[in-house]
Amino acid sequence: MASQVSQIHASPISCNMENRPKADFHPGIWGDVFLNCPDKDIDITTQLRYEELKEEVRRMLVAPMDTSTQKLPLIDAVQRLGVNYHFEKEIEDALEAIYHDNNEADNDLRTTSLRFRLHKEHGFDVPCEVFYKFKDEERNFKSSLTNDVQGLLELYEASCMRVHGEDILDEAISFITTHLTVAAATLDYPLSEQVTHALKQSIRRGLPRSRLGDTFPYTRILNPTRRHCWSLQR
């Protein structure tokens with residue numbers, strides 16, 4: 001028996017390797033993008049530029065401004081680009097000052113909606129009654145609002161922050177969805193893309209940075225404020 005086992009172990013094992021043809025895969029859409037991973041370490045020049053841009057955005061956040069229409073879009077841009085963790089105190093202080101500012105009666109739809117949403121996001125108690133001024137005598141939203149697509153977009157995002165009992169925001173969702181769905185087909189890019197994406201996924205349901213392509217399609221269309229914020233992403 002032992003000799004049989006020895007013979008079995010001693011016998012060579014032949015492997016009949018079959019040469020199979022390689023699969024004819026199509027080229028990847030990403031090309032060689034991921035073959036070379038960027039080094040996490042950055043040079044001194046880049047680091048200095050990074051710190052310079054960060055301080056410039058910080059100065060803009062703390063600088064006194066005549067109206068909230070100047071400060072709110074800046075805060076919104078910082079948050080959407082996911083770099084707000086650099087400026088948490090500055091943002092809170094700015095929103096606190098805007099919250100106690102009584103000069104909001106003349107704010108347009110876009111500013112009122114943006115102010116409402118940002119304060120809601122940061123835990124401020126904001127009454128939904130601020131939107132009643134955009135209704136007509138028959139308690140319907142004014143038909144003239146349909147010409148303000150940017151304003152409707154902001155009102156839509158603000159309405160997504162609604163809680164139980166805020167009926168006017170329920171009405172706003174229905175009003176806006178109807179008009180923006182129709183308008184999306186006639187708008188120019190990138191506004192059409194913003195409308196389409198907002199109707200699919202509101203800011204509240206999305207993640208910072210993952211929305212960048214839809215929020216700010218090209219850096220060339222950004223104003224200087226947003227370009228600075230864009231450069232701070234790491």
Where a residue in region 77-102 is at negative phi and its partner, wherever it lies, is modelled with pLDDT of 95 or more and of a type in the set (Ser, Thr, Tyr), with Cβ under 8 Å and at least six apart: none
For Ile98, which of the numbered conditions (1) within 15 Å of Asp76 (Cβ to Cβ); (2) at pLDDT 95 or above fails to hold? (2)
What number of residues within region 151-169 are out of contact with any His (no Cβ under 8 Å at 6 or more places or on another chain) and within 21 Å of Ala183 (Cβ to Cβ)? 10
In region 140-183, anything in contact with an Asp or Glu (Cβ under 9 Å, 6 or more places away or on another chain), surrounded by fewer than 19 Cβ atoms within 10 Å (Cβ to Cβ) and not in a helix (DSSP H, G or I) is listed as Asn140, Lys142, Asp148, Arg162
Among Arg139, Arg117, Arg162, which is the only one that is touching a residue at least 60 places away in the same chain (Cβ under 8 Å) and among the basic types (Lys, Arg)? Arg117
Taking the residues in region 62-76 that are touching a residue at least 12 places away in the same chain (Cβ under 8 Å) and of a type outside the set (Val, Ile, Thr) as candidates, determine which candidate is surrounded by the fewest Cβ atoms within 10 Å (Cβ to Cβ). Pro73
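The values are calculated or read from the model by the stated rules, or taken from the named source; none is laboratory data. Every value quoted in this text rests on a predicted model; they were computed, and no experiment measured them. All Cβ positions, glycine included, derive from the backbone under ideal geometry; neighbour counts span all protein chains shown.
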